[in-house]
Structure formats: C-alpha cells, structure tokens
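Colleague: Would you mind keeping the following structure in view while I ask a few things?
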C-alpha cells in the first residue's frame, strides 16, 4: 500500500485528463470521469444571479431591476438575467455575463476520480474499484487540473486512513 501511496503522491494534477485513464503500476490505474451535473445552478447558487423567460414585448420580470439584461432570445421570448448583487456591488462584468451564458449552454459538471487495482478471486484475476471521490457543481469550462489536485489528495488521504486502520 505504501508504494501505491508513493505512486499517487508523485502524480501532477495536469497528468489527469477528463474521461481518461492514467496507468500507475502492476495493474493499478486512475480514471477521471467528468459528466454533466444535473443541478440547476440558478436554483442552487445565488452567485450566478437569477434568470427568467418572458415574452419579448413585456417588461422585466418581477424582482428584476435596472441592472437586469436580456442574454438570449427564442421564438418571441427573451431570457432575462438579473446579476448577483452583494450590497451595492453588482456582479455584471463581461466575465460574469460570459460565465452565465456558459452555464446556460453547458451546465455544471460532476467529476469522479476512481482508483482501480487488480484483485484475485476463485474466478480469476480482475479489476476492482479500490476507492473513489467526487465533486459536483464544477463550472463548465473549468480546467481539470483546477480540481484534480483536491480529488487526488482525497484518494491519498483515504488510502492512508485505510492503512492506519489495518495496522
């Protein structure tokens, strides 16, 4: 188990690529799976502001103020975005707007890092899931290396914990 922890500790986060396997040694490998997260960020997180569809001839939706803007149009309707407000600060920069448009287009992501390894049984040798950790609510264009380090650290921590329990 110590050699496995050493091998995992030597991995750089940029070595982990979305939906790819990273071979380690003796049949052990890591797999980073990234899938769409099924939560609606506008229902779960205030930091993205609020959105609402309305007929294009109508005024802003109720509760939307002068900082609200139309960010999409479809079949006679418009999508209003009310930027997040913290006190007097309104988060409506071009980067904030781009982030909201990306969330609408791609949604959030859910990443799972799984450590696989060899096992033997009466039916022969096969691969088993040794440990896995996951994180959701990742922004759509977030680079895997931004969250892979945390996932890798959690796997190593879990293995060390298992090692200490068995000692």
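Colleague: Please work out which residue is surrounded by the fewest Cβ atoms within 10 Å (Cβ to Cβ), limiting yourself to the stretch 1-35 and to residues that are more than 20 Å from residue 145 (Cβ to Cβ) and in contact with a helix residue (DSSP H, G or I) (Cβ under 8 Å, 6 or more places away or on another chain).
Modeller: Here the residue is 2.
Colleague: Would you confirm whether any residue within the stretch 20-34 is closer than 30 Å to residue 117 by Cβ, outside any strand (DSSP E or B) and free of Cβ contacts under 8 Å to residues at least 60 places away in the same chain?
Modeller: Within the stretch 20-34, one or more residues are closer than 30 Å to residue 117 by Cβ, outside any strand (DSSP E or B) and free of Cβ contacts under 8 Å to residues at least 60 places away in the same chain.
Colleague: Being over 9 Å from the mean Cα position of the chain (by Cα), surrounded by fewer than 16 Cβ atoms within 10 Å (Cβ to Cβ), under 30 Å from residue 48 (Cβ atoms) and touching a residue at least 12 places away in the same chain (Cβ under 8 Å), is that true of even one residue in the stretch 122-130?
Modeller: no
Colleague: Something else: Among the listed residues 95, 99, which satisfies the condition of being more than 21 Å from residue 52 (Cβ to Cβ) and either assigned to a helix (DSSP H, G or I) or in contact with a helix residue (DSSP H, G or I) (Cβ under 8 Å, 6 or more places away or on another chain) (or both)?
Modeller: Every option except 95 fails the conditions.
Colleague: A further question follows. Restrict the check to the stretch 139-161 and report whether at least one residue is assigned to a strand (DSSP E or B) and surrounded by fewer than 16 Cβ atoms within 10 Å (Cβ to Cβ).
Modeller: Scanning the stretch 139-161, I find no residue that is assigned to a strand (DSSP E or B) and surrounded by fewer than 16 Cβ atoms within 10 Å (Cβ to Cβ), so the answer is no.
Colleague: Residue under question is residue 72, and the condition is that it be loosely packed, with under 13 Cβ neighbours inside 10 Å, modelled with pLDDT of 90 or more and in contact with a strand residue (DSSP E or B) (Cβ under 9 Å, 6 or more places away or on another chain); does it hold?
Modeller: In short, no.
Colleague: If you don't mind, there's one more thing I want to ask. I need the full set of residues from the stretch 113-130 which are touching a helix residue (DSSP H, G or I) at 6+ places or on another chain (Cβ under 8 Å) and under 30 Å from residue 40 (Cβ atoms), in order please.
Modeller: 113
Colleague: Could you say whether any residue in the stretch 11-22 is modelled with pLDDT of 90 or more and at negative phi?
Modeller: The answer is yes; a qualifying residue exists.
Colleague: Does the stretch 38-56 include one or more residues that are over 23 Å from the mean Cα position of the chain (by Cα) and without any contact (Cβ under 8 Å) to a residue 24 or more places away in the chain?
Modeller: yes
The values are calculated or read from the model by the stated rules, or taken from the named source; none is laboratory data. Quick caveat: nothing in here was measured; it's all calculated off a predicted structure. Using ideal geometry, Cβ is built from the backbone for each residue, glycine included, and neighbour counts are taken over all protein chains shown.
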